[in-house]
Amino acid sequence: MIDAVRESLLAYGNTGLVAWVVLKILVIAVPVIIAVAMFVYWERKVIGWMHVRLGPNQIGPFGLLQAFADVFKLLFKEVIQPSSANKFLFVLAPLIALVPSFAAWSLVPFDAGLVLADVNVGLLLLLALTSLGVYGIILAGWSSNSRYAMLGAMRAAAQTISYEIPMGFALVSVMIMTGSLNLTEIVMAQAGSKGFLDWYWLPLLPMFVIYFISGVAETNRAPFDMAEGESEIVAGFHVEYSGSAFAIFFLAEYANMILIAFLATVLFMGGWLSPLQGWINADVAWVDWIWKGGWQWTFIKAFLFSFFYLWFRATFPRYRYDQIMRLGWKVFIPITIVWVVVAACLKYFGLVTIGA
Amino acid sequence: MTFELLCFYFFGTVAVVAALSVISVKNSVVAALCLVLTFFSMACVWLLAQAEFLGVALALVYVGAVMVLFLFVVMMLDVDFAPLREGFVRFLPVGMLVAAVMLVEMLMMIGVRSVQAPPGEDPAVLAGMSNMEWLGHTLFREFVLPFEIAAVILTVGLIAAVTLNERKRSHTKLQNPARQVMVKREDRIRLVKMAAEKKGEVAP
């Protein structure tokens, strides 16, 4: 059916090609937006349970429509511009925050061949795109002409840049292991016959842990949510934003969170590969993805990782700013530098098997 | 006109306009943002020229890290550029002259190179590798020594910058976050065992 749609669109020449690409983008972007809405509901529910509360339970069955009610509330609210704000940049900032976080989704492989942009330098492009998101934060803080927003933006930007370095090193170790920057090849390099022991989390265990913690810090989430420390700088960089402009920041942040969960899956936990790979070899219709691997595994693993975000938020108290900086610069960066060398040695002396 | 050529003209125009506005806009933060746009358009041009590693690295290093720090500085300093711009018209002829000389030099260099050796086939394509792979092979096999020397020079620069900034400041109070994080319950409180006081007994 997919091929039929493709053929019928390509028959229109260049216009059809553009329509086909837009269709592919929508197939990824719309589920991401809906996933963000449902993830907000899930977050409130999970944190509620951890606090021995009920969480949202009034709107729709089990409160399932709560997120949509919130979205419509935000969309219908007035967007207030501070009188001395820089008008152009104030409007531009949320968009700059949103675009890179959605663009990065085009690189995520969900299954073998199920990826929008199969880029050769995928990993590098991913790092570049995630580092662009910080402009939205800085511009939002600067253009709203408010001290709280400015301080929040400064903190957020410094934190994001600092944690990009250990994150980059973690990606470098994955690259050394695979010998490629293509995300599909990275997943295929984790295939093998030893089940979940074949994935990169085992030889790169410190990198895996650091990658995920850096991801939490990079998205400015608890316990690293210095950018919006309510008790210190009211709400950080988006304190002057309301209505749909605020909703866009919210969307970008959550899209980034889910993206990090997917990337941790793809880079260290074998993507769509099954944790039972190589142990069972039977052909049973409908359920053989459980041991043969399939897109279902990508989503199951990503769901678990995104659950960790909520778990962290409900568990840990917020770090202090200088403690965050110490953790990034004095703990993570030395460990990652050492482990890059270890990874190179593992690969050079053939201590890990790459690929099936 | 192919789609690629159209893209090239678009990115090129954006780059030139953004580069001009870097030196012409009043607001220094907007100027820095225009510089970001220039870098980004140039990265796009390089991607069009199939130098994918260089393009993405430009976006990653300059747009993603260097310019963010630069914006930091510009925002924090809040420099008033009006007095600095006063001599703009007066020095314009000199500036134009320098720019013209630079343009001629560049054109000569490109002209000499193109006469000497016309650019051949893309070596990455000849070797049957991706641009990135070919770059890695060349950099770490044929040019290891220059590469390492460049790394050492950068490290020296880093150390020099740190030592220049490292001076004893008086009246500063520092806290050591490492020690604060490592603190244990035993360091802070001491539980003392003492006999319970009973009612009616006279304290000694």
| request: For A:L125, state whether it is more than 20 Å from the chain's Cα centre (by Cα), at the interface with another protein chain (Cβ under 8 Å from one of its Cβ atoms) and buried (at least 23 other Cβ atoms within 10 Å of the Cβ). | output: no
| query | (1) more than 25 Å from A:A37 (Cα to Cα); (2) of a type outside the set (D, E, K, R); (3) within 14 Å of chain B (Cβ to nearest Cβ): which one isn't true of A:F316, the others all being true? | reply | (1)
| Residue satisfying condition, being farther than 21 Å from A:I34 by Cβ, part of a helix (DSSP H, G or I) and at pLDDT below 90, within set A:W291, A:W286, A:W311 | A:W291
| Within the bounds of region B:57-80, is there any residue that is within 13 Å of another protein chain (Cβ to nearest Cβ), in contact (Cβ under 8 Å) with a residue 60 or more places away in the chain and not hydrophobic (A, V, I, L, M, F, W, C)? | no
| query | Taking only pairs six or more apart or across chains, which ones have beta-carbon atoms under 8 Å, a first residue in region B:1-24 that is touching a residue at least 12 places away in the same chain (Cβ under 8 Å) and within 14 Å of another protein chain (Cβ to nearest Cβ), and a second residue that is small (G, A, S) and not in a loop (DSSP other than H, G, I, E, B)? | reply | B:S21/B:A31
| said: Looking only at helices (runs of 4 or more DSSP H) that lie completely in region B:133-191, which have at least 2 residues being basic (K, R)? | reply: B:185-188
| message | Tell me whether region A:128-136 contains one or more residues that are more than 9 Å from chain B (Cβ to nearest Cβ), within 20 Å of B:L33 (Cβ to Cβ) and not acidic (D, E). | response | yes
| message | Consider region A:269-293. How many of its residues are at positive phi and surrounded by 15 or more Cβ atoms within 10 Å (Cβ to Cβ)? | response | 4
| request: Mind listing whichever residues of region A:343-356 are assigned to a helix (DSSP H, G or I) and surrounded by fewer than 15 Cβ atoms within 10 Å (Cβ to Cβ)? | output: A:A344, A:C345, A:Y348
| query | Out of region A:143-160, which residues are facing another protein chain (nearest Cβ under 8 Å) and either in contact with a Leu (Cβ under 7 Å, 6 or more places away or on another chain) or not in a helix (DSSP H, G or I) (or both)? | reply | none
| remark: Reported set for region A:60-89 where residues are part of a helix (DSSP H, G or I), surrounded by 12 or more Cβ atoms within 10 Å (Cβ to Cβ) and in contact (Cβ under 8 Å) with a residue 60 or more places away in the chain is A:V71, A:L74
| message | Here's a check for you: in region A:161-193, which residue that is more than 12 Å from chain B (Cβ to nearest Cβ) and not in a helix (DSSP H, G or I) is surrounded by the fewest Cβ atoms within 10 Å (Cβ to Cβ)? | response | A:S193
| Residue check for A:V338: at pLDDT below 85 and more than 29 Å from A:V36 (Cβ to Cβ) | no
| query | Of all the helices (runs of 4 or more DSSP H) wholly in region B:10-84, which have at least 1 residues that are closer than 21 Å to A:A153 by Cβ and among the hydrophobic types (A, V, I, L, M, F, W, C)? | reply | B:28-48, B:67-77
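The values are calculated or read from the model by the stated rules, or taken from the named source; none is laboratory data. The structure displayed is predicted, hence computed values, not measured ones. Every residue, glycine among them, receives a Cβ derived from its backbone with ideal geometry; neighbour counts consider all protein chains shown.
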